[in-house]
Structure formats: structure tokens, C-alpha cells
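Engineer: The structure under discussion is supplied below as C-alpha cells; questions concerning it will follow.
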Amino acid sequence: MIPGKVRNYIKNNFKEGRVACLTGAGISAESGIPTFRGKGGLWERYDPQIYANAPGLISILRTHPEELVNFIVDFYSILLKAHPNLAHRALAVLEKENILSSTITQNIDGLHQQAESQNVIELHGNAFRIRCIQCSQLVVLEKDKLREMIESFKINKNSYIKILKVLSRYFPRCAICGSRYRIDIVLFGEILPADELSRAYKHLNNCDVLLLIGSSLIVYPAAGLPLYAKERGAKIIEINNEPSSLSDLCDYIITGRASEVLPEILGVLGYA
Ligand code: NAD
Ligand code: ZN
């Protein structure tokens with residue numbers, strides 16, 4: 001599936017610590033998590049202008065709380081069911097073999113860490129974490145606790161007061177400063193975490209090759225990172241089953257599913 005010219009490039013240029021990658025929703029599609037723009041997914045049922053945006057979520061809580069509950073239940077049910085696929089696992093192997101310096105991801109599903117990648121840079125946060133809105137203290141949302149939250153929502157979804165109670169149990173007040181916790185993901189219109197972004201730039205300054213995997217590269221500022229890397233001399237390889245908005249910028253394109261292409265790259269490098 002990988003064209004001969006690209007295979008040769010990979011063989012000769014994937015040097016120790018000199019490869020970075022930027023992943024998007026497409027890498028997790030085969031783990032059962034719908035992409036943002038793909039057909040038939042969560043985002044066809046729930047308008048992202050409402051459900052992926054803080055003012056939208058607050059207003060839906062006030063006007064249609066049971067709809068917000070349906071969304072939270074559907075959202076976490078999908079994430080809780082997902083397991084890393086061969087693409088996540090292949091990236092973890094490339095990191096372990098010291099080829100891949102870092103996995104920069106726009107995903108919020110935690111699947112790179114589940115696949116045992118260590119150096120993961122989460123540009124858009126992680127749905128399995130909550131963050132204090134005042135002091136930024138982070139707390140991990142354990143999966144069992146989330147399952148318990150889903151069950152509590154299911155039995156309390158017809159009462160606004162009970163919904164608020166469940167919300168405040170799982171998104172409590174911060175023990176340090178007393179402010180409220182919220183989900184630690186970057187919603188529409190919010191800025192990216194500065195420390196994660198600067199870690200990403202650091203890796204892009206030091207890579208020879210950037211792999212773009214399963215992203216439409218429409219969402220900025222993440223979509224600006226490939227250009228940043230290219231301006232600093234990196235070669236760009238896209239792995240996607242369709243062209244992205246930055247395909248023209250790429251030096252090499254591998255058309256196919258991430259879960260097939262990445263294991264094939266391991267084979268080319270002799271790690272399969
Ligand atoms: P997107 O939905 O805009 O684009 C997905 C891309 O993946 C498309 O280019 C598509 O052609 C490609 N693709 C689909 N299946 C693939 C496969 N099996 N192998 C390779 N490529 C495949 O996703 P995006 O660019 O990541 O932007 C969406 C935003 O929404 C991100 O910011 C992300 O934070 C968020 N999001 C995250 C998740 C997640 O955490 N898994 C899921 C949906 C959305
Ligand atoms: Zn706090």
C-alpha cells in the first residue's frame with residue numbers, strides 16, 4: 001500500500017528521535033470513535049455549535065437539561081468503549097524504538113496513552129480529566145466513576161434539580177480554591193494550553209519528518225503546525241484515507257487507513 005518511493009524515503013530518513021507526528025480524529029475512527037466531520041457520528045445528532053462550545057452547553061443545561069444529559073451519556077459511552085487500534089499501537093512502538101520523539105494529538109480520547117505512548121502532547125485536552133476553572137488544578141476522571149456518572153444521569157434525567165446534583169458530584173468544587181471543576185478539553189473559541197503548544201513547537205523545531213495522521217487539518221491553531229515544521233526544513237508525510245486541506249503542502253502522501261499504514265511502516269523499518 002505504501003508507494004515504493006515513500007518506502008525508500010522512510011527507510012533512509014526515519015532516524016533516531018527525528019520523527020514527530022500530529023494525529024487527529026481519523027486515527028481513532030477504527031476504535032469506534034466517530035470523527036468530527038465523518039458521516040453518522042455523534043456530531044450529526046448533536047450540533048457542535050451548541051455541544052462543543054461553553055456558552056452552548058450552559059444554555060442547553062438551562063433550556064433542555066435532558067438533552068444535555070443524553071449528550072453526556074452518548075459522548076462518554078463512546079469514549080469508554082474505545083480501545084487503541086493498531087495505529088495507536090504502532091506509534092507507541094516507534095516511540096519505544098526511539099524513532100518517534102513525540103505524538104502531538106488533537107484527540108481528547110486518551111488512546112495514545114492507553115497504547116502506552118509516553119510522550120503525548122494533548123493540544124485539545126483530555127475528556128478523562130477535569131480542571132479547576134480558577135487555579136487549573138487537574139484531576140483524573142476514573143473510568144469506573146464515569147460509568148457510575150452515566151448510570152446516575154440515566155435515572156435522574158427527568159429532574160433538573162437532580163441533574164444539577166449529579167453534575168456537581170462529578171464536577172465538584174476545587175479543594176484548593178473553591179472554584180468549580182470543568183471538563184479539561186478545549187471547546188470552540190477557547191485557547192489551547194500554552195505549555196502543550198510550546199512543547200509541540202519544541203519537537204517540531206527538532207524533527208526531520210512530521211507525520212500527519214487522520215486529520216482534516218481545518219482546525220487552527222493545530223492546523224498551523226505542519227507549516228511551522230515545513231518552514232524549519234521538515235518533510236511532511238500525510239497518512240489519511242482522503243486528502244486533507246493541507247495535502248498540497250505534503251512531500252509524500254500515503255492514502256489509506258491509519259491502522260493499516262502505520263503497521264506497514266513498522267514493517268518497512270524492520271520492527272514488525
Ligand atoms: P476531522 O473529523 O475533521 O477529520 C478526520 C480526518 O480523518 C479526515 O481527514 C478523514 O479523512 C480522516 N480519516 C477518517 N478515518 C480514517 C482512518 N481510518 N485512517 C486515516 N484517516 C482517517 O478530525 P480532526 O482534524 O481531528 O478535527 C476534529 C476536532 O474534533 C479535533 O480538534 C479533535 O479535538 C476533535 N475530535 C476528537 C475526537 C477524538 O478524540 N477521537 C473525535 C472527534 C473529534
Ligand atoms: Zn482551584
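The values are calculated or read from the model by the stated rules, or taken from the named source; none is laboratory data. From a predicted model like this one, the values you see are computed outputs, not experimental measurements. Counting neighbours? That spans all protein chains shown, and the Cβs are built from the backbone with ideal geometry, glycine included.
Engineer: Taking interchain pairs and intrachain pairs at least six residues apart, which have beta carbon atoms under 9 angstrom, with the first residue in region 196-224 and within 17 Å of residue 237 (Cβ to Cβ) and the second among the aromatic types (Phe, Trp, Tyr) and within 13 Å of ligand 1 (Cβ to nearest atom)?
Structural biologist: Matching pairs, first to second residue: 216/36.
Engineer: Out of 208, 195, 251, 184, report the one residue that is under 21 Å from residue 103 (Cβ atoms) and within 16 Å of ligand 2 (Cβ to nearest atom).
Structural biologist: So the residue among 208, 195, 251, 184 that is under 21 Å from residue 103 (Cβ atoms) and within 16 Å of ligand 2 (Cβ to nearest atom) is 184.
Engineer: If you don't mind, another one. Within region 67-88, can one find any residue that is within 23 Å of residue 166 (Cβ to Cβ) and free of Cβ contacts under 8 Å to residues at least 24 places away in the same chain?
Structural biologist: Yes, region 67-88 contains a residue that is within 23 Å of residue 166 (Cβ to Cβ) and free of Cβ contacts under 8 Å to residues at least 24 places away in the same chain.
Engineer: Please work out if residue 232 is assigned by TED's automatic domain parsing to the domain that holds residue 152 and either within 16 Å of ligand 2 (Cβ to nearest atom) or charged (D, E, K, R) (or both).
Structural biologist: no
Engineer: Taking helices (runs of 4 or more DSSP H) that fall entirely within region 1-98, which contain at least 1 residues that are within 12 Å of ligand 1 (Cβ to nearest atom)?
Structural biologist: Fully inside region 1-98 and qualifying: 26-29, 42-45, 48-51, 65-81, 86-96.
Engineer: Of the residues 86, 61, which single one is of a type outside the set (Ser, Thr, Tyr) and modelled with pLDDT of 95 or more? Walk me through it before giving the result.
Structural biologist: Details: 61 fails: modelled with pLDDT of 95 or more.
The conditions single out 86.
Engineer: Restricting attention to region 181-207, which residues are surrounded by fewer than 16 Cβ atoms within 10 Å (Cβ to Cβ) and not hydroxyl-bearing (Ser, Thr, Tyr)?
Structural biologist: 182, 188, 189, 190, 191, 194, 195, 202, 205, 206 - these are the residues of region 181-207 that are surrounded by fewer than 16 Cβ atoms within 10 Å (Cβ to Cβ) and not hydroxyl-bearing (Ser, Thr, Tyr).
Engineer: Of (1) buried (at least 17 other Cβ atoms within 10 Å of the Cβ); (2) closer than 12 Å to residue 214 by Cα, residue 256 satisfies all except one. Which?
Structural biologist: (1)
Engineer: So, of the residues in region 107-116 that are in contact with an Asp or Glu (Cβ under 9 Å, 6 or more places away or on another chain) and buried (at least 24 other Cβ atoms within 10 Å of the Cβ), which turns out to be nearest to residue 83 (Cα to Cα)?
Structural biologist: Taking the candidates together, the pick is 112.
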